[in-house]
Amino acid sequence: MRADARKNYSHLLAVAREVVAEHGVDASMRDIARRADVGLATLLRHFPTREALFDALLRANLDALTQKASELETSNPPDEALVAWFREGVAFVHSYSGVVALMASAHADPESALHASCAAVHSAGARLLHRAQADGTARADMDGEDLFALMSALGWLVDQPAFAPRGAHLFHVITSAILANPPSNDVKKAM
């Protein structure tokens, strides 16, 4: 990609990140183009579909979440790694309104541009969960889909004004339900 095209791409992505942070995943492509001070055709040249735009916006975050799981897996006890990664995941799904539905849809659709990144995040979480289950520190009756569902639900809940003040408490309740006989201080420290 030429230097000027790369600069335009980066600018469009930065503006899209701002607009999506304000308006969620339903943000208008026209609004993004208008705010970036380019025509819609220019935006579509770089991102031919909404999904392509969200792939570019979210891929770096999803890849970082996958990488974080790998780091935690090798440097922390299984229960602590799981709780720390879960916290990172909740923060991510809370970052953009509507991202949970977008990720769930992409995970179920192998043709989606986001599918590979979503599948990698699911797999990373499942690995951490399985490691904690093998260690006896996580419930044996859960799987990676359950973990993602709880992460998504908590991310959505703390986005609701009525539940936002209880975010830390809800995190503690859910992680306590994930862990087998959690020591309450360890879970609270991981928040």
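Using alpha carbons only, how many degrees (0 to 90, rounded to 10) separate the axis of helix 167-178 from the longest principal axis of the chain?
Computed tilt is about 60 degrees.
For A138, which sequence-distant residues (separation of 5 or more, or a different chain) have an amide H within less than 5 Å of its own amide H, given hydrogens modelled in the peptide plane?
Close amide H contacts, sequence-distant or interchain: Q133, A180.
Could you check how many percent of all C-alpha pairs in the chain are farther apart than 20 Å? Write out the running numbers ahead of the final one.
Numbers: 10426 of 18145 pairs.
Percentage above 20 Å: 57.
Which ³J(HN,Hα) values in Hz, rounded to whole numbers, follow from the phi angles of segment 115-124 under the Karplus curve 6.51 cos²θ - 1.76 cosθ + 1.60, where θ = phi - 60° and Gly and Pro get x?
4, 4, 5, 5, 5, 5, 5, 4, 5, 5
Going from the alpha-carbon gyration tensor of segment 1-48, what semi-axes, largest first and in whole Å, does one get by taking the root of 5 times each eigenvalue?
18, 11, 8
If you take every residue apart from H122 with its C-beta less than 13 Å away from the C-beta of H122, what net charge results, scoring Lys and Arg +1 and Asp and Glu -1?
-2
Please rank Y96, Y9, fewest neighbouring Cβ atoms within 10 Å first, as an exposure proxy. Could the numbers behind the result be given before it?
Numbers: Y96 24, Y9 15.
By the 10 Å Cβ count, ascending: Y9, Y96.
Set Lys and Arg Cβ to +1 and Asp and Glu Cβ to -1, take the dipole of the chain about its Cα centre, and tell me which of S10, T74, A162 lies farthest positive.
The listed residue farthest towards the positive side: S10.
Nearest 20 debye, what's the magnitude of the dipole of the chain about its Cα centre given +1 on Lys and Arg Cβ and -1 on Asp and Glu Cβ?
Taking the Cα centre of the chain as origin, the dipole is about 620 debye.
Once phi is turned into θ = phi - 60°, what whole-Hz ³J(HN,Hα) does the Karplus curve with 6.51, -1.76 and 1.60 give for every residue of segment 40-51, x standing for Gly and Pro?
4, 4, 5, 4, 5, 5, 7, 10, x, 9, 4, 5
A short reminder: the numbers here are calculations on the coordinates, not readings from a lab. Owing to the predicted nature of the structure, the values given are computational and were not obtained by experimental measurement. Cβ: placed from backbone, ideal geometry, glycine included. Neighbour counts: every protein chain shown.
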